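J.: Before I ask anything, let me first share the structure, which is written out below as structure tokens.
The values are calculated or read from the model by the stated rules, or taken from the named source; none is laboratory data. These numbers come from a predicted model, not from an experiment. Ideal geometry is used to build each Cβ from the backbone, glycine not excepted, and the neighbour counts take in all protein chains shown. Accessible surface is based on the protein model in full, side chains and every heavy atom, while ligands, DNA and RNA are left aside. Shrake-Rupley method; radii C 1.70, N 1.55, O 1.52, S 1.80 Å.
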Amino acid sequence: MNLIDIYIQEVTRRLPEKNREDIALELRSTISDMLSDDYRDDDVKDVLEKLGNPAELASGYRDQPMHLIGPRYFDVYLSLLKMILPIAAVIALISMVAEYFIGFGGEEEVINAVLKLLGEGIFRIIEVGIHVFFWLTLVFVIVERTDKEKDQHPLSTSLKKWTPEDLKNVIYIPKKKAITKLEVFGYLMWTAIWATLYFNANHLLGIYEGGRNGLEFVTPAFNQDVFLRYWPIIVVVIALEIGLALYKLFKRQWTKKIAIFNAILELLSTVVFIVIISNPNVMNQEFITHMSKLFTTTTKQFEIWVVSGGIIIFILSVAINIFDGFRKARIR
């Protein structure tokens, strides 16, 4: 891939997605205007050297200061901050709702309960946001000041002068093979949601019925004691999913290693899911009885439907995910 495409990639990947295509076209046009009709590789290098370091040029397009953490880490810092803040907020809100159901006695009016949840939710989000911002910033400040090799980075904006030769160390990423920040965010968000629901299932997943003061949670669908027996392996799966997400963010494209890691993790998750859902005590008997009456079937049939249906859907989604990962890894 030629240096012009790589240079434009290195500029636009640091910009908001909504502006990338327009700026890429503008930048390509600018480079074309600066080159003669019969240009050579040396002419391209001269033009790119005049334009300067892609990180600095992207900073100019963004019109935002990048001094808090430093140009080398600022993009990763900002991306993680944008991802972690909403995920932490969702976890906090789900946990707060679970806590509310635990202590809800039915005496409180619906409007009062809603206002209380709204007020506590806003306070919880602000509190979580402050903690995330402080600790993440502290980590990156420490990394920035302890990294002895940052001046050797191919796109470093330190005192070392940037040259187009640095682009030879950068790999061009085809659009269909790229791993977007939105994809990583969605992956982390899903992990946060299912993990939070898993450890609060007996307060959130089940049957809700209309009561004197509105909708009330009456029968949990799952036996939380059974879920908690598997907590060590669940924590391992969560850690592996977070690790895979961060590795995707770092690599920015599907590779054979990522596809293999993804396949192993999906297969591990499938085994864990089948083991848990196949446990005869995982579902609450009151829930099974209520739902079997609703669907006019026996409790045994309903349980078989839920278990077999859940396993089939899970295996299909895993197969699609694994296939898609290897397909993208083969794109050149």
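J.: Would you call PRO86 more than 21 Å from ASN2 (Cα to Cα), at pLDDT 75 or above, within 26 Å of the chain's Cα centre (by Cα) and open to solvent by 20 Å² or more (accessible area, probe 1.4 Å)?
T.: Details: more than 21 Å from ASN2 (Cα to Cα): yes; at pLDDT 75 or above: yes; within 26 Å of the chain's Cα centre (by Cα): yes; open to solvent by 20 Å² or more (accessible area, probe 1.4 Å): yes.
Yes, satisfied.
J.: Given the conditions (1) crowded, with 16+ Cβ neighbours inside 10 Å; (2) at pLDDT below 85; (3) touching a strand residue (DSSP E or B) at 6+ places or on another chain (Cβ under 8 Å), report the number of the one that LEU155 does not fulfil.
T.: (3)
J.: Inspect the range 251-263 for any residue being within 21 Å of ALA178 (Cβ to Cβ), basic (Lys, Arg) and open to solvent by less than 40 Å² (accessible area, probe 1.4 Å) and give the result as yes or no.
T.: Going residue by residue through the range 251-263, those that are within 21 Å of ALA178 (Cβ to Cβ) are 251-263.
Subsequent filtering for residues that are basic (Lys, Arg) retains 251-252, 256-257.
Remaining after also requiring open to solvent by less than 40 Å² (accessible area, probe 1.4 Å): none.
Among the residues of the range 251-263, not one is within 21 Å of ALA178 (Cβ to Cβ), basic (Lys, Arg) and open to solvent by less than 40 Å² (accessible area, probe 1.4 Å), which makes the answer no.
J.: Inside the range 197-223, can you point out the residues that are of a type in the set (S, T, N, Q) and modelled with pLDDT of 85 or more?
T.: Kept after step one, since they are of a type in the set (S, T, N, Q), are these residues of the range 197-223: 200, 202, 213, 219, 223.
Correct list: ASN223 only.
J.: Do we have THR289 as out of contact with any strand residue (DSSP E or B) (no Cβ under 8 Å at 6 or more places or on another chain) and on the phi > 0 side of the Ramachandran plot here?
T.: No, not satisfied.
J.: Turning to a different aspect of this structure: Sort through SER59, SER32 and tell me the only one that's part of a helix (DSSP H, G or I), of a type in the set (S, T, N, Q), at pLDDT 85 or above and more than 19 Å from TYR172 (Cα to Cα).
T.: Of SER59, SER32, the one residue that is part of a helix (DSSP H, G or I), of a type in the set (S, T, N, Q), at pLDDT 85 or above and more than 19 Å from TYR172 (Cα to Cα) is SER32.
Residues checked against (1) within 21 Å of the chain's Cα centre (by Cα); (2) free of Cβ contacts under 8 Å to residues at least 24 places away in the same chain; (3) part of a loop (DSSP other than H, G, I, E, B):
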| position | (1), (2), (3) |
| --- | --- |
| ALA263 | yes, no, no |
| TRP305 | no, yes, no |
| PHE314 | yes, no, no |
| PHE323 | yes, yes, no |
